[in-house]
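Participant: Starting off with a structure, shown below.
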Amino acid sequence: MTRFLPQILSALACGALFGLGLALSGMLDPARVQGFLDLAGAWDPSLAFVLGGAVAVMALGLVLVRRLARPAFAEGFHLPDTRPVDRRLILGSALFGLGWGLGGFCPGPALAALSLGRAEPLVFVTCMVAGMVLHDRLFARRAG
Amino acid sequence: MTAYLPALLGGMLIGLAAALLLVLNGRVAGISGIVGRLAEGSNVAVNAAFVAGLLLGPVLYRGLAGGWPAVTITAPLPLIAAAGLLVGFGTRMGSGCTSGHGVVGLARLSPRSFAAVASFLVAGVLAVALLRSSGL
């Protein structure tokens, strides 16, 4: 446990910074998210600024990562392998996008919005975890 | 332009948090992945700490800005529940969401993430068009 203390504290700090960014950016507001996706209606471009700002800073961080032998508190970098684009990626992302548009929440903002004490984020997060478990049961069964 | 300043600054904080998580812990800030690993019971303390931090974010915002961020939810609870199921199932199948594919994947110029982002944006636009045409 104590061996992981630096990792736990940095995860807490990064989560808090991430959540603060979400709150400041307007991403916690499903109406804003749906306004961004409402191309045919009164389009609200603000989420493009959120994504642009995030990708730009992350890209700068990657420049630093390439110069580092290892992370500060871990043995190595856990980056996903470059696999080809497949049907599961496209179909899964489409199902996610459908849910994102219908509810106006994606995983990060839904979790952060739990702090507001409203029913909707709690129902969303509960069902989201259920959806993850359902997926894993279905595909583990198929594989086994 | 100033109307988009909070969005830009908020986005930059999100990018900074994601970059720091990689530099410090060597982990990709993919929220669906973190929640999925937490649900599986893998690396619980670290993943739970990140989620606890996420929940702390709006509280910090309240301390700095003097009020909770605006949240307008018009969807009825059954629709919220269906949306949550789709988001959970879909992010697991597609190995990521707006953070893992959208922020980290695009910054890494990953072809898989570009394909995923295109797919979820198109589906999201269709979902909102569907909502609007049904009067919601």
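The values are calculated or read from the model by the stated rules, or taken from the named source; none is laboratory data. Given the structure is predicted, the values throughout are model-derived calculations rather than measurements. Cβ atoms come from the backbone with ideal geometry, glycine included; neighbour counts cover every protein chain shown.
Participant: Here are B:Asn47, B:Asn43: which of them is closer than 15 Å to B:Gly30 by Cα and at pLDDT below 95?
Facilitator: B:Asn43
Participant: Identify all residues within region A:28-46 that are under 22 Å from B:Gly57 (Cβ atoms) and within 7 Å of chain B (Cβ to nearest Cβ); write none if there are none.
Facilitator: Within region A:28-46, A:Leu28, A:Asp29, A:Pro30, A:Ala31, A:Gln34, A:Ser46 meet the criteria.
Participant: Select from region B:21-39 the residues that are in contact with a helix residue (DSSP H, G or I) (Cβ under 8 Å, 6 or more places away or on another chain) and surrounded by fewer than 21 Cβ atoms within 10 Å (Cβ to Cβ) and list them in ascending order.
Facilitator: B:Val23, B:Leu24, B:Arg37, B:Leu38, B:Ala39
Participant: What are the pairs, 6+ residues apart or on separate chains, where a residue within region B:87-98 that is at positive phi has its Cβ under 6 Å from a residue that is assigned to a loop (DSSP other than H, G, I, E, B)?
Facilitator: From region B:87-98, the pairs are B:Gly96/B:Gly30.
Participant: Quick check on my filter: what residues within region A:120-144 are small (Gly, Ala, Ser), more than 7 Å from chain B (Cβ to nearest Cβ) and assigned to a helix (DSSP H, G or I)? Before you say what the answer is, go through the steps one by one.
Facilitator: From region A:120-144, those small (Gly, Ala, Ser) are A:130-131, A:140, A:143-144; that's our starting set.
With the extra rule that they be more than 7 Å from chain B (Cβ to nearest Cβ), the set shrinks to A:140, A:143-144.
Within region A:120-144, A:Ala140, A:Ala143 meet the criteria.
Participant: For A:Ser93, indicate whether it is in contact with a Phe, Trp or Tyr (Cβ under 7 Å, 6 or more places away or on another chain), facing another protein chain (nearest Cβ under 7 Å), polar (S, T, N, Q) and under 24 Å from B:Ala39 (Cα atoms).
Facilitator: yes
Participant: In the list B:Ala83, B:Ala129, B:Ala116, which residue meets the criterion of being modelled with pLDDT of 95 or more, on the phi < 0 side of the Ramachandran plot, more than 18 Å from the chain's Cα centre (by Cα) and small (Gly, Ala, Ser)?
Facilitator: B:Ala129
Participant: Looking at region B:103-136, which of its residues are of a type outside the set (A, V, I, L, M, F, W, C) and buried (at least 16 other Cβ atoms within 10 Å of the Cβ)? Full working, then the answer.
Facilitator: Within region B:103-136, the subset of a type outside the set (A, V, I, L, M, F, W, C) is B:105, B:108, B:110-113, B:119, B:124, B:132-135.
Once the filter is applied, which keeps residues that are of a type outside the set (A, V, I, L, M, F, W, C) and buried (at least 16 other Cβ atoms within 10 Å of the Cβ), region B:103-136 yields B:Gly105, B:Arg108, B:Ser110, B:Arg112, B:Ser113, B:Ser119, B:Gly124.
One line per residue, one yes/no per condition, for (1) modelled with pLDDT under 95; (2) buried (at least 18 other Cβ atoms within 10 Å of the Cβ); (3) touching a helix residue (DSSP H, G or I) at 6+ places or on another chain (Cβ under 8 Å):
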| residue | (1), (2), (3) |
| --- | --- |
| A:Arg87 | no, no, no |
| A:Gly92 | no, yes, yes |
| A:Gly97 | no, yes, yes |
| A:Trp100 | no, yes, yes |
| A:Phe105 | no, yes, yes |
| A:Ser115 | no, yes, yes |
| A:Val123 | no, yes, yes |
| A:Val133 | no, no, yes |
| A:Ala143 | yes, no, no |
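Participant: Sort out for me the helices (runs of 4 or more DSSP H) sitting completely within region B:1-68 that have 1 or more residues that are more than 7 Å from chain A (Cβ to nearest Cβ) and closer than 20 Å to A:Phe105 by Cβ.
Facilitator: Details: elements: B:5-25, B:31-40, B:44-65.
Filter on region B:1-68 gives B:31-40, B:44-65.
Participant: Which numbered condition in (1) more than 7 Å from every other protein chain (Cβ to nearest Cβ); (2) farther than 24 Å from A:Cys127 by Cβ; (3) of a type in the set (Gly, Ala, Ser) is the only one that B:Ser134 fails?
Facilitator: (2)
Participant: Return the residues of region B:69-100 that are more than 7 Å from every other protein chain (Cβ to nearest Cβ) and buried (at least 23 other Cβ atoms within 10 Å of the Cβ); say none if nothing qualifies.
Facilitator: B:Gly96, B:Gly100
Residue-by-condition table, conditions (1) more than 30 Å from A:Ile8 (Cβ to Cβ); (2) hydrophobic (A, V, I, L, M, F, W, C); (3) part of a helix (DSSP H, G or I):
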residue	(1), (2), (3)
A:Phe36	yes, yes, yes
A:Asp44	yes, no, no
A:Ala48	yes, yes, yes
A:Leu60	no, yes, yes
A:Val63	no, yes, yes
A:Pro80	no, no, no
A:Leu98	yes, yes, yes
A:Gly101	yes, no, yes
A:Ala112	no, yes, yes
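Participant: Can you tell me which residue within region A:47-78, out of those that are more than 7 Å from chain B (Cβ to nearest Cβ) and among the small types (Gly, Ala, Ser), is farthest from A:Leu116 (Cα to Cα)?
Facilitator: A:Ala69
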